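First comes the structure, then the notes that go with it.
The values are calculated or read from the model by the stated rules, or taken from the named source; none is laboratory data. These figures come from a predicted structure and were not determined experimentally. As a convention, Cβ positions derive from the backbone with ideal geometry for all residues, glycine included, and neighbour counts pool all protein chains shown. Surface areas here come from the heavy atoms of the whole protein model, side chains and all, with no ligands, DNA or RNA. Shrake-Rupley method; radii C 1.70, N 1.55, O 1.52, S 1.80 Å.
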Amino acid sequence: MSATFDLKKYGIDTEKIYRNSSVPVLYELGLRLEKGTAISDVGALMTFSGEKTGRSPKDKRIVRHPDSEKNIDWGSINMGLDEHTFMVNHERALDYLNTRDHLFVVDAFAGWDPNYRIKTRIVCTRAYHALFMQNMLIMPTEEELANFGEPDYVIFNAGQFPANRYTSEMTSKTSVDLNLERKEIVILGTEYAGEMKKGIFTVMNYLMPLQDVLPMHCSANVGEKDDVTILFGLSGTGKTTLSADPKRRLIGDDEHCWTNEGTFNIEGGCYAKAIDLSAEKEPDIYNAIRFGTVLENVVYDKETRAVDYTDTSITENTRASYPINYIDNVQIPCVAGHPENVIFLTCDAFGVLPPVSKLTPEQASYHFISGYTAKMAGTEMGITEPTPNFSACYGAAFMMWHPNKYAELLAEKIKNHKVNAWLINTGWTGSGSRMKLKYTRAMVDAIHHHDFDNVEYVKDEAFGFQIPTSCPGVPSEVLIPRNTWEDKAKYEATKLKLINLFKENFKKFEANTNPDIIAAGPKA
């Protein structure tokens, strides 16, 4: 507990403040005071986030202000809020925080590069939230904490208390509000810890382009020759699995920045999906679950405290949060040079995109803005076709500028640093089976070993990208999608359908997008 630390400058009079507390202290308080908290058989802290077990994107608001509103891509993702309503929610959060007999404060950094990092202060009511953010941010040394000074951004997490639904512009009792001018985030009506993590990421996504830095929703690793690879991809495409490579050091699994000097991880930890987790499939993540790890919303045996990772009765979005140094093969500090390769991962359920193809900088920007993946037809009645999912910049929910801003930064950096850009499809082939993970790993290895430097390529006339015709460890017939389809006419029809989906999705970006990027899209 921090005896001399207070929050009076914010109008919070609570006297008992636990600031950057040790893991055992947070365990003890969580176990004693927070419903649904227990210790797993391997020492992780199992917690329950209450009614909300995932983010609430429709309840996120950004305060409109003359200084920043011209920079923000307003719409269904970046929804506006007036200053007055923000202050009503702010006051409601402070009133609730003032009713608590103790509070937690986490003072830590976002960003491993000291030139770009921001000082972040989290004020929260739960030991679980404090431990989660101590895992997810970069913790200061004792000396750095003594000289921490005023933070750049403050999160007031009063998530146990609801927003007032009768307040103007509130759509539910959940509200996550960002005020760029006050440099504050206010959370009401949700105890899901991921809101704090993604709140900081959203702030970095706004601030970094102002300094010619590209913030990215991606994983990154580095090889023995210090060659960096960045992997973009939406959920289920293999981003976390493929970045955990025993032959390469992990820089980070989710949030990075690309500066004029190189790359750095924004976070101090990992937030991994825990559904169906096993020691065989994902040993790095499985072995990172120990004392100090937060396990969210998992189901466990009441006697043995062994977790059943296959049980999704609370939520499918079960999660593990742990410091990055819980992974064995890691790059610390999480800073490295410029990428040599940028890989876009997609899971194409249509069976049309090649398992690996090489992109020009403009094509890379086009696929980056598109952010495409697709899910297979589900078991629901009437759903008989794959479902496409486009998420701009592979992370639309956290991007505050127009996607073109990020895409132009990406294209410029790819050109300046002569980076190879690749599209890898971890999805389906025309034979109806999903691409084998060992084949995808072999393709990623081939990229790292420069095996594609001297092979023959064929150009896909519609998409324009180059497809290598051979790859070590991969049967050559799976490399050309058309070859995997028995019915060639059906392949052409399905391909045309996918091209039209890309074109239809891109229409909403065309008005503000560089013509060279638009021209790099597929042609029917």
Are there any pairs, at least 6 apart or on different chains, whose C-beta atoms fall under 6 Å, with the first in segment 203-217 and farther than 12 Å from LYS413 by Cβ and the second β-branched (Val, Ile, Thr), and if so, which? MET204/ILE266
Could you please find all residues in segment 214-237 being farther than 18 Å from CYS393 by Cβ and of a type outside the set (S, T, N, Q)? VAL222, GLY223, GLU224, LYS225, ASP226, ASP227, VAL228
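State yes or no: is PRO57 within 23 Å of ASP254 (Cβ to Cβ) and either out of contact with any strand residue (DSSP E or B) (no Cβ under 8 Å at 6 or more places or on another chain) or at pLDDT below 95 (or both)?
So PRO57 passes the test.
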Can you tell me which of TRP112, TRP74 is open to solvent by 10 Å² or more (accessible area, probe 1.4 Å), out of contact with any Leu (no Cβ under 8 Å at 6 or more places or on another chain) and within 30 Å of ARG290 (Cα to Cα)? TRP112
If I filter segment 43-63 for residues that are more than 18 Å from GLY199 (Cα to Cα), more than 27 Å from the chain's Cα centre (by Cα) and open to solvent by 50 Å² or more (accessible area, probe 1.4 Å), do I get at least one hit? no
All positions within segment 170-189 that are touching a Ser or Thr at 6+ places or on another chain (Cβ under 8 Å) and surrounded by fewer than 16 Cβ atoms within 10 Å (Cβ to Cβ): SER172, GLU181
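Is segment 411-418 home to any residue that is crowded, with 22+ Cβ neighbours inside 10 Å, closer than 30 Å to LYS70 by Cβ and modelled with pLDDT of 95 or more?
Within segment 411-418, the first condition is being crowded, with 22+ Cβ neighbours inside 10 Å, and the residues that meet it are 411, 414.
If we keep only those that are closer than 30 Å to LYS70 by Cβ too, we end up with 411, 414.
Subsequent filtering for residues that are modelled with pLDDT of 95 or more retains 414.
Within segment 411-418, one or more residues are crowded, with 22+ Cβ neighbours inside 10 Å, closer than 30 Å to LYS70 by Cβ and modelled with pLDDT of 95 or more.
So which residues in segment 467-476 are surrounded by fewer than 19 Cβ atoms within 10 Å (Cβ to Cβ) and either closer than 11 Å to PRO354 by Cα or touching a strand residue (DSSP E or B) at 6+ places or on another chain (Cβ under 8 Å) (or both), if there are any at all?
Here is the first cut: in segment 467-476, the residues surrounded by fewer than 19 Cβ atoms within 10 Å (Cβ to Cβ) are 469-470, 472-473, 475-476.
Within segment 467-476, THR469 is the sole residue that qualifies.
Would you say LEU242 is of a type in the set (A, V, I, L, M, F, W, C) and at pLDDT below 95? Break it down stepwise before answering.
Working: of a type in the set (A, V, I, L, M, F, W, C): yes; at pLDDT below 95: yes.
So LEU242 passes the test.
For segment 87-125, enumerate the residues that are in contact with a strand residue (DSSP E or B) (Cβ under 8 Å, 6 or more places away or on another chain) and acidic (Asp, Glu).
At the first step, the residues of segment 87-125 found to be in contact with a strand residue (DSSP E or B) (Cβ under 8 Å, 6 or more places away or on another chain) are 89-90, 92-94, 96-97, 101-113, 116-125.
Selection gives ASP101, ASP107, ASP113.
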Looking only at segment 428-445, decide whether some residue is surrounded by fewer than 20 Cβ atoms within 10 Å (Cβ to Cβ), modelled with pLDDT of 95 or more and small (Gly, Ala, Ser). yes
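When you look at GLU280, is it within 21 Å of VAL444 (Cα to Cα) and charged (D, E, K, R), yes or no?
The answer is yes for GLU280.
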Among residues of segment 125-153 being in contact (Cβ under 8 Å) with a residue 60 or more places away in the chain, of a type in the set (A, V, I, L, M, F, W, C) and more than 22 Å from GLU255 (Cα to Cα), the residue surrounded by the most Cβ atoms within 10 Å (Cβ to Cβ) is ALA127
Looking for something within 19 Å of the chain's Cα centre (by Cα) and touching a residue at least 12 places away in the same chain (Cβ under 8 Å) - is there at least one such residue anywhere in segment 69-82? yes
